[in-house]
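The values are calculated or read from the model by the stated rules, or taken from the named source; none is laboratory data. These figures come from a predicted structure and were not determined experimentally. Backbone-built Cβ (ideal geometry, glycine too); neighbour counts: all protein chains shown. All accessible areas refer to the heavy atoms of the entire protein, side chains included, with ligands and DNA or RNA removed. Shrake-Rupley method; radii C 1.70, N 1.55, O 1.52, S 1.80 Å.
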Amino acid sequence: MPTISNKGRNMPESPIRKLAPYADIAKQKGHKVYHLNIGQPDIKTPEVAIEAVKNIDLTLIEYSPSAGYESYRKKLAQFYQRQNVNVNSEDIIVTTGGSEALLFALATITDPGDEIIIPEPFYANYHAFASSTSATVVPLVSTIETAFALPSIEEVEKLITPKTKAILICNPGNPTGYLYSETEIKQLAGLIKKYDLYLIADEVYREFLYDGDDVHFSVMNLEDVQQNVIMVDSVSKRYSMCGARIGCLITKNKDVLATVMKFAQARLSPPTIEQIACEAAIDTPQSYFDEVIAEYKERRNTLIAELNKIEGVIVTKPKGAFYCIAQLPIENSDDFAQWLLESYDLNGETVMVAPAAGFYSTPGMGLNQVRIAYVLNKKDLITAVNILKEALFAYNNK
């Protein structure tokens, strides 16, 4: 029988989706499952995007240009410029989701064995993208005790070796909700300039900030390292359009853009109809975002308040995105998460969480932690956390 590649064997399984079969079984039993495991917002997609799809008048759904429609890229650049982010349309390549942008970025800048420094815990698929390109993830450990703050720049520098090619951050962060300050971004810029590295920033959650004094500082506004910077973005969260699968890679580095274009041409084009929807979505009124951010802020505050009522749970208040890492009074969150779906219900209801060990690269880290996405309405969040509270008691006394 033919064998599977080592690359395939080493590809990490998604900690977000690996429990899906158990959730399906729970639902087949008639149990309601509250999904705290995945960042699928329940917020409605902007009406302008929906209407654009409804009103498409095409007789042929053809390939779009490999870089994406010029009209969309120009409008996207104007969107960033309104946020005082230094981007022009020629800096943008449209991708099939932010995931493809990250994959293209790593494929462009790394050779097998090259190292990427990533603060952990990090979005689990970063590990998968690195594995796909035969790059090596070098974790920079952050802890719940410091609210997952970026360690000192000296600690970051200690990890740099001749094989280091880039530092990758998510700002604000998935799964922690940590927001990098302008000072921290500029400190990282100093390192990439000193060692001639790339700084890749996943800025998918840039709008999702909840405290008045907090602002998002984009890596595209770093003035003296523009050739070293790559930004990744997506419409998935901004417009609650996860299924549209439209993202982008942005850089001022023409060599990077030319190489990314080779990968873009190999996959032919990003989706045609979805680009039409995304171009229309840029006209979404500010009132939509004001309402969405206000709603998520209330959800965040509700979730953190309810979690803090559970004895033995440790959680910090995230500044952005819509996730938090919670440390539970258990030893193995993988076992607990599976048990929740397979063997537990409270009045016919249970919850699904994402075990946090899959968001770490360092062995043994995050074993008693889970990632929780506050993408449910406040009433459901309160119910879900109450189920979690009762489940922890039952699990620890079984």
(message) If each residue of separation counts as 0.36 nm, what is the full-extension length gain between K158 and S71 once their alpha-carbon separation is subtracted?
(response) 26.9 nm
(message) Counting only protein heavy atoms and a 1.4 Å probe, tell me what percentage of the range 197-354's accessible area is made up of carbon and sulfur.
(response) 47 percent
(request) Using Cα pairs closer than 8 Å and at least 6 residues apart in sequence, work out the relative contact order for the range 1-129, in percent. (result) 24 percent
(request) Compute the acute angle (0 to 90°) between the alpha-carbon long axis of helix 182-195 and the principal axis of greatest extent of the alpha-carbon atoms of the chain; round to the nearest 10°. (result) 60 degrees
(request) Over the chain, calculate the relative contact order: mean separation of alpha carbon pairs under 8 Å at least 6 apart, over the residue count, as a percent. (result) 25 percent
(message) Give me the 1.4 Å probe accessible area per residue for the chain, excluding ligands and nucleic acids, in Å².
(response) 43 Å²
(message) I need the calculated FRET efficiency for the pair E342 and D42, taking r as the beta carbon distance and R₀ as 22 Å, to the nearest 0.05.
(response) 0.30
(request) Give me D for the range 47-282 in µm² s⁻¹, whole number, from Stokes-Einstein with Rh from the Kirkwood sum over alpha-carbon pairs, 25 °C and 0.890 mPa s. (result) 135 µm²/s
(request) Specify the angular offset, from 0 to 90 degrees and rounded to the nearest 10, of the alpha carbon long axis of helix 378-396 from the longest principal axis of the alpha carbons in the chain. (result) 60 degrees
(message) Report D for the chain in µm² per second (integer): Stokes-Einstein, Kirkwood Rh on Cα pairs, 37 °C, 0.692 mPa s.
(response) 150 µm²/s
(request) State the antiparallel share, in %, of DSSP beta bridges confined to the chain, rounding to the nearest 5. (result) 45 percent
(message) Along the Cα→Cβ direction, 7 angstrom out, place labels at T143 and R17. What is the inter-label distance in nm?
(response) 3.4 nm
(message) With a cut-off of 8 Å between alpha carbons and a minimum separation of six or more residues, what is the relative contact order of the range 47-282 in percent?
(response) 30 percent
(request) Could you list, in their original order, any pairs among K165/K317; K237/K319; K193/K254 whose Cα atoms are separated by more than 26 Å? (result) K165/K317
(message) Helix 333-342 against the longest principal axis of the chain: what's the angle in degrees, Cα atoms only, rounded to the nearest 10?
(response) 70 degrees
(request) Round to the nearest 10 and report in Å² the accessible area of L19, as given by a 1.4 Å probe over the protein chains' heavy atoms. (result) 10 Å²
(request) Order E207, E311, E90, most accessible first, counting only protein heavy atoms with a 1.4 angstrom probe. (result) E311, E90, E207
(request) Could you work out how far the C-alpha centroid of the range 75-125 sits from that of the range 211-287, in angstrom? (result) 7 Å
(message) Under the 0.36 nm per residue contour assumption, what length would be gained going from the current alpha-carbon distance of R267 and Q78 to full extension?
(response) 65.4 nm
(message) At R0 = 41 Å, how high is the FRET efficiency between N6 and S287 if r is their beta carbon distance? Nearest 0.05 is fine.
(response) 0.20
(message) Using protein chains only and a probe of 1.4 angstrom, how many square angstrom of K262 are accessible, to the nearest 10?
(response) 140 Å²
(request) Out of all DSSP beta bridges with both ends in the range 47-282, state the antiparallel percent to the nearest 5. (result) 30 percent
(message) At R0 = 35 Å, how high is the FRET efficiency between N396 and D213 if r is their beta carbon distance? Nearest 0.05 is fine.
(response) 0.35
